[in-house]
Amino acid sequence: MRSAIPVALLFAAFHGMGRPQSPAVKPDTCLDCHSALEDRLGRPAQLIQADIHKRNGFSCADCHGGDPTSMDMEVSMDPRRGFVGKIDRRKIPELCARCHSDATLIHKFRPQQRVDQLALYRTSVHGKRLAGGDVRVATCIDCHSVHDIREVKDGLSPVHPLKLPATCARCHANAEHMKGYDIATSQFEQYQRSVHWEALAKRGDLSAPSCATCHGSHGAAPPGVASVERVCGTCHVVFQNLFDQSPHRPAFEAMGLAACVVCHSNHEVLRPSPEMLGVDSAAVCLRCHAKDDPGYAVAATMRQEVDRLRSALTVAEAVLKQAETSGMEVSEGKLQLVAAHEEWIKARVEVHAFRLDAVKSPVSRGLEMAQKGRQVGLDALRERNVRRLGLAASLVAMAITLAGLWMAVRYIEQRKRTESPLR
């Protein structure tokens with residue numbers, strides 16, 4: 001393999017003859033040589049052109065060591081000068097940390113960038129297993145790539161929010177790779193059915209939760225049972241506060257249940273629907289509550305209350321739509337329905353308090369608003385009917401008038417013909 005390198009060096013040397021090098025550009029014989037090679041040895045030189053480190057003045061030697069100023073292969077790749085070809089996976093985190101844990105160095109390029117990635121990694125499941133000799137676990141290069149490392153905000157970066165789930169799935173959805181870890185490999189498939197994936201991938205909401213949101217990035221670890229609602233609560237604050245005050249909180253703690261996950265799952269978090277509440281076959285309440293316990297009756301009543309408001313909204317919407325289609329002014333009624341719909345949403349949110357009174361309160365307000373909106377529609381329809389009757393009466397009067405005029409004209413014409421001297 002080395003026999004090809006002197007030829008490449010000679011090619012690079014002749015290729016660069018006659019072109020004075022800018023004093024601001026450091027010589028880099030690593031790139032000069034490997035750019036002339038093909039396949040495995042030439043690939044790094046191609047990839048590094050897009051690398052964030054190269055753009056900031058770092059070179060191959062900053063990771064691989066050696067002397068990048070020498071055209072002599074024996075010198076440039078001399079182990080005594082620190083040259084390392086293929087870097088041991090177990091040493092990669094510490095290698096990256098030589099710069100990324102150095103606040104003085106990193107802050108010259110990115111003052112806001114954290115410098116505790118290595119410390120976090122050592123606390124992660126990956127870091128602990130790597131320290132124990134498991135070289136199959138993820139290290140820096142498995143997530144960030146190797147020679148073409150890009151900024152996180154770069155759309156082509158494997159850790160860009162839109163690409164991160166697929167990056168994690170390269171290992172975690174690979175059944176062969178995950179053998180021996182006793183971890184499911186269906187997480188990515190489930191996540192792709194979730195409301196979080198819908199927000200991230202389909203709506204482009206980069207703030208939507210992905211793997212790192214819940215598990216962490218450098219300190220990746222599964223949330224503990226006792227902390228699941230805290231993880232969910234970083235986004236869903238209102239729901240967490242309601243749950244904390246609910247009777248389910250101490251009950252779940254006593255049974256060792258992971259709060260939100262019991263009803264909403266973890267990776268496959270589907271869009272919430274009223275069908276999840278109550279005692280129908282699709283209701284999650286049935287997973288814990290049987291017919292003979294109080295929770296069963298509360299769940300059934302809460303569902304009835306929520307459905308009652310939804311039905312009132314549907315009726316009021318139909319009446320207002322009919323009136324509006326008839327050309328009547330119903331803006332006040334529509335405003336009432338907007339407010340009633342908000343109360344319906346509040347009632348669904350208050351379900352997380354698991355108290356009947358908490359749900360009934362917004363339902364009661366919503367029903368009152370829906371009734372007002374419906375009344376506006378009914379009043380408009382009555383006014384429409386009155387107008388139609390008035391219009392009909394007017395048309396009849398006009399028709400009678402026109403008929404009278406026509407008869408008068410006919411009478412006058414008839415008299416003229418009768419009184420004519422020619423007769």
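The values are calculated or read from the model by the stated rules, or taken from the named source; none is laboratory data. Just so we're clear, the structure is a prediction, and the values are computed from it rather than from any experiment. Cβ placement follows ideal geometry from the backbone for every residue including glycine, while neighbour counts extend to all protein chains displayed. Remember, those area values only see protein heavy atoms, side chains included, never the ligands or the DNA or RNA. Shrake-Rupley method; radii C 1.70, N 1.55, O 1.52, S 1.80 Å.
General observations
- Selected from H264, H34, H126 as most flexible by GNM, with the chain as the system and alpha-carbon contacts under 10 Å: H34
- Cα gyration tensor shape of the stretch 204-245, rounded if a/c is under 1.5, else prolate or oblate by comparing a/b with b/c: oblate
- Contour minus Cα-Cα distance for V225 and L402 (0.36 nm per residue): 55.1 nm
- Each stretch of four or more DSSP H residues adds -39500 (n - 2.57); spread over every residue of the chain, this sum gives -17000 deg cm²/dmol at 222 nm.
- Relative contact order of the stretch 342-408, defined on C-alpha pairs under 8 angstrom at six or more residues apart (%): 23 percent
- Heavy-atom accessible area with a 1.4 Å probe sorts T29, T69, T185, largest first, into T69, T185, T29.
- Exposed GluC sites (Glu not before Pro) absent - longest run of the chain, DSSP non-H/G/I/E/B, at most 14 other C-beta within 10 Å: 177-328
- The stretch 290-423 - charge dipole about Cα centre, Lys and Arg +1 at Cβ, Asp and Glu -1, debye rounded to 20: 940 debye
- Dipole magnitude for the chain: computed about the Cα centre from +1 point charges on Lys and Arg Cβ and -1 point charges on Asp and Glu Cβ, it is near 1340 debye.
- Just so you know, the Cα atoms of the stretch 152-310 work out to an Rg and Dmax of 17.9, 57 Å.
- Length released on extending from L156 to L105, taking residue separation times 0.36 nm less the Cα-Cα span: 15.8 nm
- Global form of the stretch 241-366, assessed from the alpha-carbon gyration tensor, a/c cut-off 1.5: prolate
- Simple rule: put +1 on each Lys or Arg Cβ and -1 on each Asp or Glu Cβ in the chain, find the dipole, and look at V135, V351, T123; the Cα lying farthest toward the positive end is V351.
- Leading residue at positive end of dipole, the chain (Cβ point charges), from S35, Q192, G224: Q192
- Choice from G404, G327, G66 showing the highest fluctuation, given a GNM over the chain with Cα pairs closer than 10 Å: G404
- Shape category assigned to the stretch 133-183 from the gyration tensor of Cα positions, a/c cut at 1.5: oblate
- Label-to-label distance, nm, for residues given as K291 and Q322 (7 Å Cα→Cβ offset): 3.9 nm
- Kirkwood hydrodynamic radius (C-alpha pairs) into Stokes-Einstein, the stretch 359-423, 20 °C and 1.002 mPa s, D in µm²/s: 127 µm²/s
- Between S217, S361, S394, the GNM of the chain built on Cα springs shorter than 10 angstrom shows S394 fluctuating the most.
- Intensity falloff of the chain expressed as log10 I(q)/I(0), Debye formula with alpha-carbon point scatterers, at q = 0.06, 0.12, 0.14 Å⁻¹: -0.51, -1.09, -1.29
- Short-range pairs are left out: with C-alpha atoms under 8 Å and at least six residues apart, the relative contact order of the stretch 141-225 is 18 percent.
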